[in-house]
Amino acid sequence: MTTETDAVRMTDAAVAHLREREADHLAQFDEFLRIPSVSADPARNADVQRAAEWIVAELERLGIEQATIHPTSAHPIITAEWLHAGPDAPTVLVYCHYDVQPSDPDDEWVRPPFEPRFEDERVYARGAGDDKGQLFMHLKAAEAWMTTAGRLPLNLRFFFEGDEEVGSGPIETFIDEHADLLRADVCVVSDSDTFDDHGTPGIGYGLRGIAYWEVRVSGPAHDVHSGQYGGGVDNPANVLARMLASLTDADGRVTVPGFYDRVRDLTAEERAAYATLPFDEAEWRAETGVPAAMDGERGYTLQERLSARPTFDINGIWGGYSGAGAKTIIPAWAAAKISTRLVPDQDFREIEQSMKAHLESIAPPTVTASVQIIHGGAPAITPLDHPGIPPVARALEAGFGTAPLFQRSGGSVPVVAALDAQLGLKTLMVGFANPSGNFHAPNEWMSLRNIRDGMASIVHLWAELGAMKADDLRA
Ligand SMILES: [Zn+2]
């Protein structure tokens with residue numbers, strides 16, 4: 001029987017171990033970051049595989065069992081487990097990804113992207129924050145428990161992906177086929193950032209989904225003279241512009257029928273929480289370079305619109321003449337890439353179809369319109385009253401010395417919605433990257449402070465969750 005004071009002593013010993021071994025850990029981190037596991041580049045396939053092997057060797061070295069590299073239709077998925085905390089103890093699934101974004105433009109890096117630079121209390125390298133750094137922190141937190149206590153305070157399963165940066169293609173099939181390796185009471189995903197760069201941790205509880213289309217409007221069989229045919233032949237570019245403009249109304253709402261039917265509105269509690277989040281609009285404007293924030297959907301604040309409401313965007317638009325000078329034509333066709341960011345409980349497949357049907361229905365008989373569905377992903381949310389949230393908040397406060405703030409993210413992490421839809425598994429998003437850490441950009445970095453305080457937080461989190469009963473953790 002472990003008493004409460006034992007638990008505190010064991011947690012403190014594991015945190016102390018992390019502090020004592022920091023130099024060794026950073027040397028190992030350097031080694032891991034040097035493997036260029038770029039999932040988008042087929043020339044790097046062997047490196048992605050090598051990164052997977054590096055992780056499995058580490059898991060085995062620290063006593064995590066069944067560490068397995070599963071081949072998929074794309075890059076490998078890794079699973080592993082340590083399940084000796086007893087049947088009443090909770091089981092947590094840890095998800096991170098070990099693939100990284102391409103590094104180009106390489107000449108904008110101060111040092112090459114796969115030669116880590118330790119400077120200014122930061123680690124600069126591709127993957128430092130997104131997401132190899134966070135994966136590495138989970139390995140070291142587990143190692144700290146295994147080395148000092150000889151055990152983990154709860155049952156852990158690991159689920160590491162190599163395709164996150166290219167759309168997580170194999171995830172759904174893998175979850176279907178290997179549900180038994182992923183069974184848990186809750187999932188912890190570390191692939192997001194802290195609330196700010198000044199040591200305030202964050203708990204993410206919502207992610208937006210997406211739906212994406214290409215629209216093409218065709219008119220005459222070929223470009224025609226606008227003097228000779230103008231006024232008689234409808235112009236596909238004019239038509240496309242009108243159609244796309246009509247997709248949002250004067251209140252900033254999307255006009256596709258049924259678009260808002262399933263949108264779960266913000267609760268009064270959430271809106272109150274949004275209102276108290278620190279947000280400097282002038283700083284936000286300076287960072288984006290826009291002269292002013294858009295009006296957006298009426299009735300919602302800028303912060304609410306940035307993460308908790310659906311949006312519509314034209315991602316690209318082309319057609320007709322765009323060379324030097326003037327060319328007086330009515331183009332034969334015009335096209336656009338468009339997308340919507342979705343929020344719980346919008347169904348991306350339903351939205352894909354309703355947008356397609358709506359665009360086809362509003363196209364005038366003077367043209368033909370075709371709409372192709374490009375890709376989609378589901379939104380996700382973890383209720384703020386999930387029983388896992390208070391222990392996460394206590395662990396982050398113990399690690400960072402500051403209470404976390406709650407945030408919804410405007411982006412998407414496909415695995416979160418997939419685990420919920422396929423296994424009914426809820427996710428706690430506990431991220432440690434720095435918000436201004438240049439993910440997907442040159443000179444990506446993570447602060448040593450976030451690494452240190454984040455690893456300590458994970459150590460505390462396992463103690464906090466391990467003190468609960470599995471039944472009490474299931475929402
Ligand atoms: Zn990521």
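If I filter the stretch 406-436 down to residues being out of contact with any helix residue (DSSP H, G or I) (no Cβ under 8 Å at 6 or more places or on another chain) and either in a loop (DSSP other than H, G, I, E, B) or free of Cβ contacts under 8 Å to residues at least 60 places away in the same chain (or both), which single residue comes out as least open to solvent (accessible area, probe 1.4 Å)?
Among those that are out of contact with any helix residue (DSSP H, G or I) (no Cβ under 8 Å at 6 or more places or on another chain) and either in a loop (DSSP other than H, G, I, E, B) or free of Cβ contacts under 8 Å to residues at least 60 places away in the same chain (or both), it is GLY411.
Which is farther than 17 Å from ASN450 by Cα, out of contact with any Leu (no Cβ under 6 Å at 6 or more places or on another chain) and not β-branched (Val, Ile, Thr), of LEU59, LEU18, LEU26?
Exactly one residue qualifies, and that residue is LEU59.
Matching residues to (1) within 23 Å of the chain's Cα centre (by Cα); (2) assigned by TED's automatic domain parsing to the domain that holds ALA357:
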site: PRO257; (1), (2): no, yes
site: GLU269; (1), (2): no, no
site: ALA272; (1), (2): no, no
site: LEU277; (1), (2): yes, no
site: ALA292; (1), (2): no, no
site: GLU297; (1), (2): no, no
site: TYR300; (1), (2): no, no
site: ARG305; (1), (2): yes, no
site: ILE317; (1), (2): no, yes
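Looking at ALA398, ALA369 in this structure, which one is part of a helix (DSSP H, G or I) and over 24 Å from ALA308 (Cα atoms)?
ALA398
Under the condition of being part of a loop (DSSP other than H, G, I, E, B) and within 20 Å of MET146 (Cα to Cα), which residue from the stretch 89-117 is farthest from the ligand (Cβ to nearest atom)?
ALA89
Could you tell me how many of the residues in the stretch 66-94 are out of contact with any Pro (no Cβ under 8 Å at 6 or more places or on another chain) and surrounded by fewer than 19 Cβ atoms within 10 Å (Cβ to Cβ)?
Number of matching residues: 8.
Applying the selection to the stretch 158-178, what residues are within 16 Å of the ligand (Cβ to nearest atom), part of a helix (DSSP H, G or I) and within 20 Å of GLU81 (Cβ to Cβ)?
Result: ILE171, single match.
Looking at VAL416, VAL343 in this structure, which one is closer than 29 Å to HIS198 by Cβ and within 16 Å of the ligand (Cβ to nearest atom)?
VAL416
Tally time: how many residues in the stretch 36-53 are closer than 18 Å to HIS138 by Cα and crowded, with 19+ Cβ neighbours inside 10 Å?
Here the count works out to 2.
Against the condition under 19 Å from GLU164 (Cβ atoms) and touching a Gly at 6+ places or on another chain (Cβ under 9 Å), how does GLY63 come out, does it pass?
No, not satisfied.
Using beta carbons and a limit of 6 Å, which pairs, at least six apart or on different chains, have the first residue in the stretch 127-155 and on the phi > 0 side of the Ramachandran plot and the second one in a helix (DSSP H, G or I) and open to solvent by less than 10 Å² (accessible area, probe 1.4 Å)?
What qualifies is GLY127/LEU33.
Suppose the filter is part of a loop (DSSP other than H, G, I, E, B) and within 21 Å of HIS375 (Cα to Cα); does PRO344 pass it?
When the stated conditions are applied, PRO344 passes them.
The values are calculated or read from the model by the stated rules, or taken from the named source; none is laboratory data. This is a predicted model, so every value here is computed, not measured. In this analysis, Cβ positions are derived from the backbone assuming ideal geometry, glycine residues included, and neighbour counts consider all displayed protein chains. Note: areas computed on protein heavy atoms with side chains; ligands, DNA, RNA excluded. Shrake-Rupley method; radii C 1.70, N 1.55, O 1.52, S 1.80 Å.
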